1. Under 9 Å by Cβ, and 6 or more places apart or on different chains, what pairs join a residue from the range 109-137 that is of a type in the set (K, R) with one that is surrounded by 11 or more Cβ atoms within 10 Å (Cβ to Cβ) and at pLDDT below 95?
2. Going through the range 142-153 one residue at a time, which ones are open to solvent by 80 Å² or more (accessible area, probe 1.4 Å) and either touching a residue at least 12 places away in the same chain (Cβ under 8 Å) or in a helix (DSSP H, G or I) (or both)?
3. What number goes with the only condition from (1) farther than 30 Å from T107 by Cα; (2) among the acidic types (D, E); (3) part of a loop (DSSP other than H, G, I, E, B) that E33 does not pass?
4. For the range 113-136, what are the residues that are open to solvent by 90 Å² or more (accessible area, probe 1.4 Å) and either of a type in the set (A, V, I, L, M, F, W, C) or in a loop (DSSP other than H, G, I, E, B) (or both)?
5. Out of all the residues in the range 60-84, which are aliphatic (A, V, I, L, M) and closer than 17 Å to D96 by Cα?
6. Under 6 Å between Cβ atoms, at least 6 apart or on separate chains: pull out the pairs that start in the range 45-64 with a residue that is of a type in the set (F, W, Y) and end on any residue that is open to solvent by less than 100 Å² (accessible area, probe 1.4 Å) and assigned to a loop (DSSP other than H, G, I, E, B).
Amino acid sequence: VRSRGSDFDIPVVFSLVIALLRNKKKFFARHLELYGHNRHARVGRLKPIILKLKWKTKGNFHDCGIFTLLHMESFNGGTAANWDCGLVVESELQYDMLRRLRFKFATKILLHEINVHAEKMLKLAKEFDKVDSLEKMSIIIEAVKNMEQRDRI
């Protein structure tokens, strides 16, 4: 699998993720113990489980944050079998759904009251909305080119 010009060995990456989860689990168990929580030993013995979710992807390595936000928004504490975050299986439809979620989450973050630049972002969005369609497309294409050029550096 290639990502941003690097080769990744997926089994190695998953092994590293599992090792990281185990270390974080130990730190979290130690934290619970320090604060006198009675389940610290139980947490320390838990084994991480990678859920088999129907909407999992094989080649999408750039929407991790979108999946994380969606999972945090939709998880209700139940089992993976009963969990429905609203995504379909990996497909063009899922890709379109993720594109809309990117827009939704970006809008929420940019316009949130805690963002000190929210008013500026809203003003810029309203100005952009007034621009005619062809100029909008030109601006978007130029922004994508600039983004791709930054990613290559």
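1. K136/F128
2. Filtering the range 142-153 down to residues open to solvent by 80 Å² or more (accessible area, probe 1.4 Å) leaves 142, 145, 147-150, 152-153.
Result: E142, K145, M147, E148, Q149, R150, R152.
3. (3)
4. Passing the criteria: E113, I114, V116, H117, L134.
5. Correct list: I66, L69, L70.
6. W55/L87
The values are calculated or read from the model by the stated rules, or taken from the named source; none is laboratory data. Computed from a predicted model, the values in this text were never measured in an experiment. When we count neighbours, we look across all protein chains shown, and the Cβ atoms used for this are built from the backbone with ideal geometry, even at glycine. Accessible surface is based on the protein model in full, side chains and every heavy atom, while ligands, DNA and RNA are left aside. Shrake-Rupley method; radii C 1.70, N 1.55, O 1.52, S 1.80 Å.
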